[in-house]
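A.B. asks: Quick one: this structure, given as structure tokens, is what I'll be asking you about.
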Amino acid sequence: MKLTHAPLRVSIGAFILNSGLGKRTLEGEAAAGLHGMAAGSIPQLRQVEADRFARLLSGGEIALGAALLTPFVPSLLAGLGLTAFGAGLVQLYLRTPGMREANSLKPTQAGIGLAKDVWLVGAGLTLVLDSLTHRRFRH
């Protein structure tokens, strides 16, 4: 990991790790609410039980957060994971009714929490692109 990647990776990694740890005990109504929102925008998730979805999401967030925080995980790999995770959240924002104003990308008040997750995609792409261009210029 490049030293210049550390602030980005530590701040985002700690946030995502904490989010994943907080979801470890989700069950019942809380898991169903999280699952319902995700399944509303990604219909294939309806095939996954709500409690299992919450456990899988928790595990994925813990793994991604830990990867971002671990210095020996290459920034290219951590950036790809972060980009994919952020893209999933942006998809949730774009497909969930009531998150955006009609015929617009502008968030409603309810959509601001998800709309801001576009920064995860930007941060992930920054890590990926910096890793790829850094490699190219070294040779």
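A.B. asks: Can you tell me which residues in the range 45-54 are without any contact (Cβ under 8 Å) to a residue 24 or more places away in the chain, among the charged types (D, E, K, R) and more than 15 Å from Arg95 (Cβ to Cβ)?
C.D. replies: Glu49, Arg52
A.B. asks: So which of Ser58, Ser11, Ser75 is of a type in the set (Ser, Thr, Tyr) and surrounded by fewer than 17 Cβ atoms within 10 Å (Cβ to Cβ)?
C.D. replies: Working: Ser58 fails: surrounded by fewer than 17 Cβ atoms within 10 Å (Cβ to Cβ); Ser75 fails: surrounded by fewer than 17 Cβ atoms within 10 Å (Cβ to Cβ).
Exactly one residue qualifies, and that residue is Ser11.
A.B. asks: So, one more: Please count how many residues of the range 19-45 are surrounded by 13 or more Cβ atoms within 10 Å (Cβ to Cβ), in a helix (DSSP H, G or I) and not hydroxyl-bearing (Ser, Thr, Tyr).
C.D. replies: The number of residues fulfilling the criteria is 14.
A.B. asks: Being surrounded by 12 or more Cβ atoms within 10 Å (Cβ to Cβ), among the hydroxyl-bearing types (Ser, Thr, Tyr) and farther than 17 Å from Leu68 by Cα is the filter; apply it to the range 87-139 and report the residue that is nearest to the chain's Cα centre (by Cα).
C.D. replies: Tyr93
A.B. asks: What number of residues within the range 61-97 are among the hydroxyl-bearing types (Ser, Thr, Tyr) and touching a Phe, Trp or Tyr at 6+ places or on another chain (Cβ under 9 Å)? Give the steps one after another, and end with the answer.
C.D. replies: Within the range 61-97, the first condition is being among the hydroxyl-bearing types (Ser, Thr, Tyr), and the residues that meet it are 70, 75, 83, 93, 96.
Subset that is touching a Phe, Trp or Tyr at 6+ places or on another chain (Cβ under 9 Å): none.
Result for the range 61-97: 0.
A.B. asks: Looking at Phe53, Phe15, which is the one that is assigned to a helix (DSSP H, G or I), in contact with a His (Cβ under 7 Å, 6 or more places away or on another chain) and modelled with pLDDT of 95 or more? Write out each step before concluding.
C.D. replies: Values: Phe15 fails: in contact with a His (Cβ under 7 Å, 6 or more places away or on another chain).
Testing whether each residue is assigned to a helix (DSSP H, G or I), in contact with a His (Cβ under 7 Å, 6 or more places away or on another chain) and modelled with pLDDT of 95 or more leaves just Phe53.
A.B. asks: Can you tell me how many residues in the range 23-44 are closer than 27 Å to Val73 by Cβ and without any contact (Cβ under 8 Å) to a residue 12 or more places away in the chain?
C.D. replies: Qualifying residue count, the range 23-44: 1.
The values are calculated or read from the model by the stated rules, or taken from the named source; none is laboratory data. No experiment lies behind these values; they were computed from the predicted model shown. We place every Cβ from the backbone using ideal geometry, glycine too, and count neighbours over all the protein chains shown.
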